[in-house]
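Visitor: What follows is a single structure, and I will ask about it in a moment.
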Amino acid sequence: MSSPFKDEPLDSSHTSVEEEQDRVPVRHSSSDHRLTDRQRIENDSEVEEMARKYEKRRADRILVTFDVRKRLLKTCKKIGKEKGYPFTNKIQLRDLEKFRNNVKAEVDQQKDSFWNKTKKRLGFRNSSEALLKVLERAYIFVNEIQLDEDDWFYYQDFNYFNTHLESRWPWWRNDLLRACWLLLLFYLSTPILFCAIVHDEGVCQPNENGDYGWVSALYFASTTMSTVGYGDLSVNANVRWRGFIGIVYMIVSLVVAIMAFSAAADNVFTPFGIYEERFLTWVVGDYVKGTFLHERIRWLKIVKLTEIAVEFFSLNLIGIFCVRLFILRSDLEGFQWTWMETFYWSVQTTTTIGYGDLNMSFEMRWFQIFYLIISTYFVGNALGKLGGLKEDLKDLRRQHAWQRREVSKGMIEDMQATENDGKIDQFEFLVASLLSLGKVTSDDVLPIMAKFRELSGDHGFIMACDFNDMDEPKVDSYDVELVERVDIHEL
């Protein structure tokens, strides 16, 4: 029998469990995983190689829409049911190749269509081309591990580890871009809702000339989203249905604010986060033999608290000087604040308290539309860092205790497995270090080992012969028409 994926013939005979056990090297001691001279020099140990393999696979995942993923899973499941396979989470490789050929023919047919070219120019993905890319990756995968055409292809596992979901809409794929669209939609809908539909004068207050009511509505959107709420604008809740609209509006503003601020934290200010980490590493420093823990903790506190203070007072200074310009240009009674009153207004704004006890000019709302959102994000980010300082100190203590360890009888007894052979291999050291550093806990380990016991069975190892023990379909010939009858277009 020859494989549909390779020209050379493959041996399809199944090896018995006893023969497979004889061929698999049995490892009973930790010395099996010792580092070679090359691995010590080139950072190419088994652990590092495994870590790089998983990171590369995660980075190389194919971006697909939900429709493509659903089509792949439902088509493979239908093939399995139609062919009477005992399991619906896998199909044979011959089925995979036929599925791939069908999709390839579909892509070739759509290649020169006007609609397909137009969608590509607009940034939309062609679902058939994306599905073909996934199947081509599967084709490469089964060739690399040299599977036979009667072997199983676990399509659900392959789908999870090799694809990553993205939105079908081009403007919705980037988190930051999605947040910008949400903010734009939220701000545009506010004056439309309260000024054009509801006609709520409590939100759309005009200036002394009776103009720019929509500016008040945008200002109201910022005060609501930032939770400042000075109280100078509000929904007229005396009318019952307007109160309900106000409730829904507040909930929507909270959702939009969370999504927008989270996206900004993950995208826009990432470079600042990188420089911050470098500066923190430079000040706190890596562990040096003889360094005391309390010295590193002191410097960590100083750096974190200084950073928070700089962000907070910088934003307040920006607010103070900008508002002073509005004060100099305004003749409004009660708006001639002193410097201390300006500082008082700035702090109650950036902390989102917003007492609303100060009289502000209408022109100042132009500035507050932007300042309220920006300052709320930065101060929220600073307060988040303050809350995370406790966890940072815990991590530093664990790192310091782990880095200062040296080879000793206590270390060997602590890290070695049950062999008690006086040796620690790279895998034992890795697991013990992850537990010591708090990266994993026993709650993480227990389900993993339960899964290992399930897969290893009586052998104590997971071996290549284990998947041959499973029930396999008795297929004497390749039913081409059966796969062709699976309508991939309707899925």
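The values are calculated or read from the model by the stated rules, or taken from the named source; none is laboratory data. Only a predicted model underlies this, so the values are computations on that prediction, with no experimental measurement involved. Here the Cβ is made from the backbone with ideal geometry for all residues, glycine too, and neighbour counts use every protein chain on show. These accessible areas exclude ligands, DNA and RNA; they are computed on the full protein's heavy atoms, side chains included. Shrake-Rupley method; radii C 1.70, N 1.55, O 1.52, S 1.80 Å.
Visitor: For the range 348-400, enumerate the residues that are more than 21 Å from VAL303 (Cα to Cα), in a helix (DSSP H, G or I) and among the hydrophobic types (A, V, I, L, M, F, W, C).
Guide: Within the range 348-400, MET364, TRP366, PHE367, ILE369, PHE370, LEU372, ILE373, ILE374 meet the criteria.
Visitor: VAL203 fails exactly one of the following numbered conditions: (1) over 19 Å from VAL64 (Cα atoms); (2) in the same structural domain as PRO86 (by the TED database); (3) not aromatic (Phe, Trp, Tyr). What is the number of that condition?
Guide: All conditions pass for VAL203, except number (2).
Visitor: Considering TYR212, TYR230, TYR187, which residue is open to solvent by 80 Å² or more (accessible area, probe 1.4 Å) and in the same structural domain as VAL379 (by the TED database)? Before you say what the answer is, go through the steps one by one.
Guide: Working: TYR230 fails: open to solvent by 80 Å² or more (accessible area, probe 1.4 Å); TYR187 fails: open to solvent by 80 Å² or more (accessible area, probe 1.4 Å).
Just one listed residue meets the conditions, TYR212.
Visitor: Among the listed residues ASN207, ASN236, which satisfies the condition of being of a type in the set (S, T, N, Q), in contact with a Lys or Arg (Cβ under 8 Å, 6 or more places away or on another chain) and not in a helix (DSSP H, G or I)?
Guide: On the way: ASN207 fails: in contact with a Lys or Arg (Cβ under 8 Å, 6 or more places away or on another chain).
The unique qualifying residue is ASN236.
Visitor: What is the residue count in the range 115-133 for residues that are within 13 Å of THR65 (Cα to Cα), out of contact with any helix residue (DSSP H, G or I) (no Cβ under 6 Å at 6 or more places or on another chain) and not in a loop (DSSP other than H, G, I, E, B)?
Guide: Residues in the range 115-133 being within 13 Å of THR65 (Cα to Cα), out of contact with any helix residue (DSSP H, G or I) (no Cβ under 6 Å at 6 or more places or on another chain) and not in a loop (DSSP other than H, G, I, E, B): 1 in total.
Visitor: Let me ask you something else. Among (1) open to solvent by 20 Å² or more (accessible area, probe 1.4 Å); (2) at pLDDT 85 or above, where does ALA417 come up short?
Guide: Evaluating ALA417 over (1) open to solvent by 20 Å² or more (accessible area, probe 1.4 Å); (2) at pLDDT 85 or above leaves (2) as the failure.
Visitor: Within the range 316-330, is even one residue in contact with a Leu (Cβ under 8 Å, 6 or more places away or on another chain) and modelled with pLDDT under 90?
Guide: In the first step, residues of the range 316-330 are kept if they are in contact with a Leu (Cβ under 8 Å, 6 or more places away or on another chain); the result is none.
Checking the range 316-330: not a single residue is in contact with a Leu (Cβ under 8 Å, 6 or more places away or on another chain) and modelled with pLDDT under 90.
Visitor: Quick one: what pairs do we get from the range 441-460, first residue farther than 22 Å from LEU430 by Cα, second at pLDDT below 85 and surrounded by 10 or more Cβ atoms within 10 Å (Cβ to Cβ), C-beta under 8 Å, 6+ apart or different chains?
Guide: LEU455/ILE462; LEU455/ASP466; GLY457/ASP466; HIS459/GLN21; HIS459/ASP466
Visitor: Would you mind stating whether LEU305 is farther than 20 Å from MET225 by Cβ and modelled with pLDDT under 90?
Guide: Values: farther than 20 Å from MET225 by Cβ: yes; modelled with pLDDT under 90: yes.
Yes, satisfied.
Listed here are the residues, each with its yes/no results for (1) farther than 14 Å from ASN162 by Cα; (2) in contact with a helix residue (DSSP H, G or I) (Cβ under 6 Å, 6 or more places away or on another chain); (3) without any contact (Cβ under 8 Å) to a residue 12 or more places away in the chain; (4) part of a loop (DSSP other than H, G, I, E, B).
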position	(1), (2), (3), (4)
LEU63	no, no, no, no
ARG69	no, no, no, no
LEU73	no, no, no, no
LYS78	yes, no, no, no
THR88	yes, yes, yes, yes
ASP95	yes, yes, no, no
LYS98	yes, yes, no, no
ASN101	yes, no, yes, no
